[in-house]
Amino acid sequence: MKKALLITILMTMSFFGFSQDWFGFNRFKDDNARIKASGNYPEVVFMGNSITEYWVYYHPNFFSDNNFCGRGISGQTSSQMLVRFTADVVELHPKAVVIMAGTNDVAHNDFYVEPEKVVENIIAMCNIAKANDIIPIISSIPPCSEFPWRKEILNPGQTIVNINKSLKEYAKKNDIVYVDYHAALADENLGLPKTLSDDGCHPKPDTYFTMESLVMEAIRSLSDK
């Protein structure tokens, strides 16, 4: 399936799903129940939006081979992820959680959100994780210089850089591992180049190999803590 068609289908599914289940509680309800019944809990949960959702779609073996679990929902903001964090992360008892949020906040998917609030939501997820003996890993927001679905949003690339700076500072002060996808992927316009993305926002399938290398290094580093 071509990526553009996949994105359209997933965003359409998310739109109609949100009308009945805005926070996404039902999206992984059955799979979460299956995991809990089996007792085979994942080593790491990846919490995120469409970028995480497509990651699981394009590279399922990366998740299955490492006993990782993807909990990305297309279109979601950091506020929505925070609300479902207990159901989709805490109750799965992983050793660690990789949090990647903020793209849709910057895009004003539902309403305007101050950049500081995005940082606060991610910090809140980290605090919930730590309170439940789950090690948080903070991911930078990947680069994007223009949102295909929100072209009226001006200069999102710099807003993303500013949020990432705050997240990196928080991670450093609190001894939390930070995965800098942005530094590895951004072009001179603070976006994803055409070689890495079809729409300037969502990574191409092969781009995830770079992201996997970075996040695996972060996960392995946890053994030193």
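The values are calculated or read from the model by the stated rules, or taken from the named source; none is laboratory data. Quick caveat, the model's predicted, so the values are computed rather than measured. Cβ sites come from the backbone with ideal geometry, for glycine too, and all protein chains shown count toward neighbours.
Count of the stretch 178-189 residues, restricted to those that are surrounded by 21 or more Cβ atoms within 10 Å (Cβ to Cβ) and farther than 14 Å from THR207 by Cα, is 1.
Which helices (runs of 4 or more DSSP H) does the stretch 50-131 wholly contain that include 3 or more residues that are in contact with a helix residue (DSSP H, G or I) (Cβ under 6 Å, 6 or more places away or on another chain) and of a type outside the set (A, V, I, L, M, F, W, C)? Can you show your working first?
Numbers: elements: 50-58, 60-65, 78-88, 103-106, 115-131.
The helices (runs of 4 or more DSSP H) meeting that bar number zero.
Checking each residue of the stretch 138-152 against the condition of being assigned to a helix (DSSP H, G or I), modelled with pLDDT of 95 or more and hydroxyl-bearing (Ser, Thr, Tyr) gives no match. When the stretch 190-225 is filtered for residues that are aliphatic (A, V, I, L, M), in contact with a strand residue (DSSP E or B) (Cβ under 8 Å, 6 or more places away or on another chain) and surrounded by 15 or more Cβ atoms within 10 Å (Cβ to Cβ), the ones remaining, listed by number, are LEU192, LEU196, MET211, LEU214, VAL215, ALA218, ILE219. Just one residue in the set THR77, THR86 is within 20 Å of ARG34 (Cα to Cα), among the hydroxyl-bearing types (Ser, Thr, Tyr) and touching a residue at least 24 places away in the same chain (Cβ under 8 Å); that residue is THR86. When the stretch 27-50 is filtered for residues that are among the hydroxyl-bearing types (Ser, Thr, Tyr) and within 18 Å of LYS95 (Cα to Cα), the ones remaining, listed by number, are SER38, TYR41.
Can we say VAL90 is buried (at least 24 other Cβ atoms within 10 Å of the Cβ) and over 19 Å from THR207 (Cα atoms)? Please lay out each step first, then the result.
Details: buried (at least 24 other Cβ atoms within 10 Å of the Cβ): no; over 19 Å from THR207 (Cα atoms): yes.
Considered against the rule, which asks whether it is buried (at least 24 other Cβ atoms within 10 Å of the Cβ) and over 19 Å from THR207 (Cα atoms), VAL90 comes out as no.
Residue check: is ALA131 closer than 21 Å to ARG84 by Cβ, free of Cβ contacts under 8 Å to residues at least 12 places away in the same chain and small (Gly, Ala, Ser)?
Values: closer than 21 Å to ARG84 by Cβ: yes; free of Cβ contacts under 8 Å to residues at least 12 places away in the same chain: yes; small (Gly, Ala, Ser): yes.
Considered against the rule, which asks whether it is closer than 21 Å to ARG84 by Cβ, free of Cβ contacts under 8 Å to residues at least 12 places away in the same chain and small (Gly, Ala, Ser), ALA131 comes out as yes.
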